[in-house]
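Encoded as structure tokens, the structure appears first; notes follow it.
The values are calculated or read from the model by the stated rules, or taken from the named source; none is laboratory data. Predicted model, so just to flag it, every value in this text is computed and none were measured. Here the Cβ positions follow ideal geometry from the backbone for every residue, glycine too, while neighbour counts run over all protein chains shown.
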């Protein structure tokens with residue numbers, strides 16, 4: 001079975017998610033590689049979600065929200081996402097996750113076509129980069145059943161009593 | 001208390017620096033109070049009991065073991081499991097056992113990279129035969145064994161069951177005495193952390209206002225204005241994600257916090273949270289400006305995960321640490 | 001051949017195991033000091049900003065964090081080519097004297113001293129600080145605790161914390177002294193001086209007043225002629241914080257003297273497969289194995305070595321005691337390993353005298369203690385004397401000050417070969433044919449390393465990884481499920 005990248009998308013309710021809906025109702029095809037989670041605002045995207053997504057097996061993560069500076073339903077939630085993004089990418093690259101695996105896009109409710117384009121681009125890029133390869137079980141530290149059990153060295157007297 | 005049998009306690013160190021042992025001595029005269037209620041049955045730093053003494057004990061013989069240091073090799077794992085069997089209560093003492101500590105930074109590199117550098121590449125090493133330490137080596141008189149090294153650093157609770165945590169690098173005297181006394185008289189909820197419940201900012205005495213950082217300064221690049229929050233002045237300080245309880249000792253000498261007391265309660269990944277906290281107060285409104293200011297934030301992973309890289313969500317650089325990627 | 005292991009070695013900083021090999025006649029063929037611990041600082045510091053090193057490297061050792069903190073700060077100063085204001089230097093020296101006073105006393109009373117105060121073959125349960133307090137009495141015990149806490153308090157005033165303090169930064173120090181702190185320092189310094197004198201007296205009474213101990217100190221199995229290394233000031237007096245590195249040969253003649261950035265011309269490190277700890281030696285003499293003498297590059301560091309490598313002490317009371325010691329030992333250099341304990345209490349006295357001098361310095365309360373570095377960072381070496389020996393921090397950075405290379409030669413590692421030989425010699429002297437080996441006998445072998453006050457957490461900062469490895473995976477009932485091997 002050839003590799004199909006798994007993308008987790010966090011899309012804001014008011015713009016990006018609605019844009020994705022539009023793509024759906026307009027019958028625009030986009031790859032099934034992406035699973036979408038709706039958040040109320042791109043500012044709600046805690047960097048922890050992104051790390052958790054990768055830890056749980058995502059090969060790529062998409063963060064999408066309303067266009068800055070003035071389209072955010074909550075005024076400046078998208079600006080918070082915008083400020084986090086470069087720093088989060090830098091952090092991820094130090095942890096061995098290529099910067100191209102995380103993407104932040106501004107997608108309005110009318111831009112279903114942009115969503116389609118972005119998802120296609122991400123799939124292509126991730127196919128190039130290859131699978132990330134993490135899964136909960138192998139990021140997990142030593143579990144009980146996997147305890148490394150080194151043979152005890154031959155019993156030498158520690159000292160004669 | 002007078003007729004009660006004395007508690008039996010043990011101290012052990014794994015991949016540690018010894019600071020936690022000194023921290024115990026730093027409780028000064030309180031040590032005399034401690035030995036009134038407890039007998040120390042194992043403490044390699046200060047006493048002559050050996051591993052064979054511990055192996056000879058019955059399971060559960062030790063009431064409380066205070067284990068400091070991260071787990072980095074097979075001997076440390078073996079003793080962690082041995083002490084877990086022989087102890088009723090296992091306490092992760094200090095940052096290294098609680099979350100990996102400074103030795104945890106080794107999770108940015110593979111074991112091979114580290115070994116090659118130490119034994120083959122440093123400018124002062126003369127090793128033409130490319131000798132490296134071996135698990136079993138033969139000398140004239142016989143065989144000598146060394147523990148095997150794991151491909152990454154583990155915190156104590158990633159290898160054995162831990163009952164309580166006393167974080168800090170090292171823990172502070174009041175916190176230690178308080179924990180020992182509580183353990184002797186109460187049974188706190190399992191998993192209890194003997195430190196503050198809030199973040200360092202809560203106890204910090206510097207003045208705080210609305211923060212808007214225009215520029216990031218490294219600690220040696222600026223003389224901070226006294227009395228004013230360091231983060232506000234653009235000096236990266238991990239107070240917002242760090243547990244209180246240390247007495248703000250670094251802040252007291254005008255140096256920013258680096259998070260040695262561990263991440264605050266209910267946070268899964270401190271680094272991720274700090275990305276959020278720091279980004280929230282950067283005074284930038286455009287993408288280019290965000291990219292630009294990020295260039296001046298050096299080594300985010302090594303700074304935000306300074307004391308808990310092994311316990312972070314990804315445990316380190318996933319491409320380098322053994323077993324991370326199938 | 002039979003093997004006896006002392007596992008783990010105790011009353012020191014760090015991990016170790018002594019393997020003693022006995023032949024069929026029950027005599028000691030050889031003994032090995034096996035160091036099993038490693039962490040990897042030299043590698044994992046690469047990628048960190050250089051100014052964080054004075055906060056990261058103290059975690060190499062929590063017993064001598066100040067030594068790393070200062071050597072690191074000095075290396076950072078060199079990387080940025082910044083000169084720190086004189087007050088900054090004095091404050092660092094003040095902290096340093098406090099650290100020395102505390103650490104040396106910690107060793108004498110809690111680590112090495114119990115062997116003498118309580119007795120080398122006393123029951124194991126008594127051979128520790130609590131046994132010492134029991135023996136000397138609670139009042140003296142409390143004085144020991146109090147003065148140790150003074151040393152820690154001095155470090156805390158400077159760096160915020162007694163262990164892993166943070167006061168030294170590239171360019172100077174982060175905080176000056178308030179009037180209350182200076183008064184407190186003066187009070188503590190005076191008390192520390194009295195206590196240092198008292199410790200010297202205890203040493204004379206308990207150790208030098210015991211013929212058995214004196215014989216042991218002067219005896220052959222406990223002597224080793226090596227080269228000696230230590231930092232000296234412009235008068236060739238012992239200096240802990242700063243100066244040039246001086247090496248004398250087995251006859252006490254100056255062999256070389258060099259500045260920090262020249263260390264690679266003089267020191268090299270050898271590797272053995274049976275220990276994670278490397279073996280530094282004098283490059284210009286060469287590695288001849290774990291042997292000593294004028295032709296072997298093995299050298300020693302730490303208190304006795306510092307006194308041997310110098311022409312004297314910089315303060316009067318310490319100088320007086322220095323002269324007494326050499327008179328008793330028969331001149332310079334002194335090769336008697338157990339005399340490290342004596343040199344240690346002399347250095348604690350010197351540290352106390354420095355505390356008095358610095359805390360009473362009229363300029364100590366000023367506020368010009370920091371310079372802001374302006375030059376582009378490149379490369380630098382910082383050397384100071386940790387309690388346990390010469391400490392070298394060498395950093396290379398990119399133009400942003402991010403570390404690209406780190407080399408550390410950490411105090412105790414330089415005593416590795418000497419310690420290996422010392423324990424082998426001690427084992428041969430106490431384990432003889434037909435003699436019953438008990439726990440007390442083995443403790444005497446351990447005394448051979450305790451004299452050096454080793455710090456194996458320091459020595460083994462570096463970390464290995466890929467080696468032949470066999471994993472036996474067993475299920476919970478102990479049945480072998482799988483074997484995985486790597487060559």
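Looking only at the stretch B:174-193, count how many residues are free of Cβ contacts under 8 Å to residues at least 40 places away in the same chain and in contact with a strand residue (DSSP E or B) (Cβ under 7 Å, 6 or more places away or on another chain).
2
Every residue in the stretch B:265-278 that is closer than 22 Å to residue A:103 by Cβ, without any contact (Cβ under 8 Å) to a residue 12 or more places away in the chain and either more than 7 Å from chain A (Cβ to nearest Cβ) or outside any helix (DSSP H, G or I) (or both), please.
Result: no residue meets the conditions.
Of the numbered conditions (1) within 19 Å of the chain's Cα centre (by Cα); (2) surrounded by fewer than 24 Cβ atoms within 10 Å (Cβ to Cβ), residue B:67 fails exactly one; give the number of that condition.
Of the numbered conditions (1) within 19 Å of the chain's Cα centre (by Cα); (2) surrounded by fewer than 24 Cβ atoms within 10 Å (Cβ to Cβ), the odd one out for residue B:67 is (2).
Residue B:146 - would you say it is in contact with a strand residue (DSSP E or B) (Cβ under 9 Å, 6 or more places away or on another chain) and modelled with pLDDT of 95 or more?
No; evaluated as a whole, the condition is false for this residue.
If you take the residues in the stretch C:127-167 that are at pLDDT below 90 and at the interface with another protein chain (Cβ under 7 Å from one of its Cβ atoms), which one is nearest to residue C:186 (Cα to Cα)?
Selected residue: C:145.
Going by the conditions given, is residue B:82 without any contact (Cβ under 8 Å) to a residue 40 or more places away in the chain and more than 7 Å from chain C (Cβ to nearest Cβ)?
Yes; evaluated as a whole, the condition is true for this residue.
Kindly indicate whether residue B:105 is over 24 Å from residue B:312 (Cα atoms) and assigned to a helix (DSSP H, G or I).
Considered against the rule, which asks whether it is over 24 Å from residue B:312 (Cα atoms) and assigned to a helix (DSSP H, G or I), residue B:105 comes out as no.
So which strands (runs of 3 or more DSSP E) are wholly in the stretch B:117-173 and hold at least 3 residues that are more than 8 Å from chain C (Cβ to nearest Cβ)?
Answer list for the stretch B:117-173: B:149-154, B:164-166.
Which members of the stretch C:220-238 meet the condition of being assigned to a loop (DSSP other than H, G, I, E, B) and free of Cβ contacts under 8 Å to residues at least 60 places away in the same chain?
Across the stretch C:220-238, the qualifying residue is only C:234.
Looking only at residues in the stretch B:279-301 that are within 7 Å of chain A (Cβ to nearest Cβ) and assigned to a helix (DSSP H, G or I), which one is farthest from residue B:192 (Cα to Cα)?
Pass one, the stretch B:279-301, residues within 7 Å of chain A (Cβ to nearest Cβ): B:279-280, B:282, B:284-285, B:287, B:290-291, B:294, B:297, B:300-301.
Pick out the ones that are also assigned to a helix (DSSP H, G or I) and you get B:279-280, B:287, B:290-291, B:294, B:300-301.
Working: B:279: 31, B:280: 31, B:287: 42, B:290: 39, B:291: 40, B:294: 37, B:300: 29, B:301: 27 Å.
The residue in question is B:287.
Return a yes/no flag: does the stretch B:206-225 have any residue that is closer than 24 Å to residue B:173 by Cβ, in the same structural domain as residue B:300 (by TED's automatic domain parsing) and at pLDDT 95 or above.
yes
In the stretch B:178-220, which residues are in a helix (DSSP H, G or I) and surrounded by fewer than 19 Cβ atoms within 10 Å (Cβ to Cβ)?
So the first thing to find is which residues in the stretch B:178-220 are in a helix (DSSP H, G or I), and the list is B:178-185, B:200-203.
Within the stretch B:178-220, B:178, B:181, B:182, B:184, B:185, B:202, B:203 qualify.
Is there a residue in the stretch B:249-264 that is buried (at least 24 other Cβ atoms within 10 Å of the Cβ), within 18 Å of the chain's Cα centre (by Cα), more than 8 Å from chain A (Cβ to nearest Cβ) and assigned to a helix (DSSP H, G or I)?
yes
Quick check on the stretch C:83-103. Is at least one of its residues under 19 Å from the mean Cα position of the chain (by Cα), closer than 24 Å to residue C:204 by Cα and within 11 Å of chain B (Cβ to nearest Cβ)?
Scanning the stretch C:83-103, I find at least one residue that is under 19 Å from the mean Cα position of the chain (by Cα), closer than 24 Å to residue C:204 by Cα and within 11 Å of chain B (Cβ to nearest Cβ), so the answer is yes.
Looking at the stretch C:239-271, which of its residues are at the interface with chain B (Cβ under 7 Å from one of its Cβ atoms) and either surrounded by fewer than 17 Cβ atoms within 10 Å (Cβ to Cβ) or not in a strand (DSSP E or B) (or both)?
Listed by number, the residues that qualify are C:264, C:271.
Do you know which residues across the stretch C:15-36 are more than 7 Å from every other protein chain (Cβ to nearest Cβ) and either part of a strand (DSSP E or B) or within 30 Å of residue C:107 (Cβ to Cβ) (or both)? Break it down stepwise before answering.
Going residue by residue through the stretch C:15-36, those that are more than 7 Å from every other protein chain (Cβ to nearest Cβ) are C:15-18, C:20, C:22-28, C:31, C:33, C:35.
Listed by number, the residues that qualify are C:15, C:16, C:17, C:18, C:20, C:22, C:28, C:31, C:33, C:35.
Name every residue in the stretch B:5-35 that is more than 7 Å from chain C (Cβ to nearest Cβ), without any contact (Cβ under 8 Å) to a residue 12 or more places away in the chain and more than 25 Å from the chain's Cα centre (by Cα), in order of residue number.
B:5, B:32 - these are the residues of the stretch B:5-35 that are more than 7 Å from chain C (Cβ to nearest Cβ), without any contact (Cβ under 8 Å) to a residue 12 or more places away in the chain and more than 25 Å from the chain's Cα centre (by Cα).
Quick one: what pairs do we get from the stretch B:201-221, first residue farther than 22 Å from residue C:374 by Cα, second exposed (fewer than 12 other Cβ atoms within 10 Å of the Cβ), C-beta under 6 Å, 6+ apart or different chains?
What qualifies is B:207/B:227.
Just to check your reading of the model, which residue among B:75, B:21 is out of contact with any helix residue (DSSP H, G or I) (no Cβ under 6 Å at 6 or more places or on another chain) and farther than 25 Å from residue B:195 by Cβ?
The match here is B:75.
Is it true that residue B:112 is surrounded by fewer than 24 Cβ atoms within 10 Å (Cβ to Cβ), out of contact with any helix residue (DSSP H, G or I) (no Cβ under 7 Å at 6 or more places or on another chain) and in the same structural domain as residue B:52 (by TED's automatic domain parsing)?
no
Which ones in the stretch A:41-59 are closer than 14 Å to residue A:11 by Cβ and away from every other protein chain (no Cβ under 11 Å)?
Hits for the stretch A:41-59 are A:41, A:42.
Of all the residues that make up the stretch C:168-179, how many are at the interface with chain B (Cβ under 8 Å from one of its Cβ atoms) and either at negative phi or surrounded by fewer than 24 Cβ atoms within 10 Å (Cβ to Cβ) (or both)?
4
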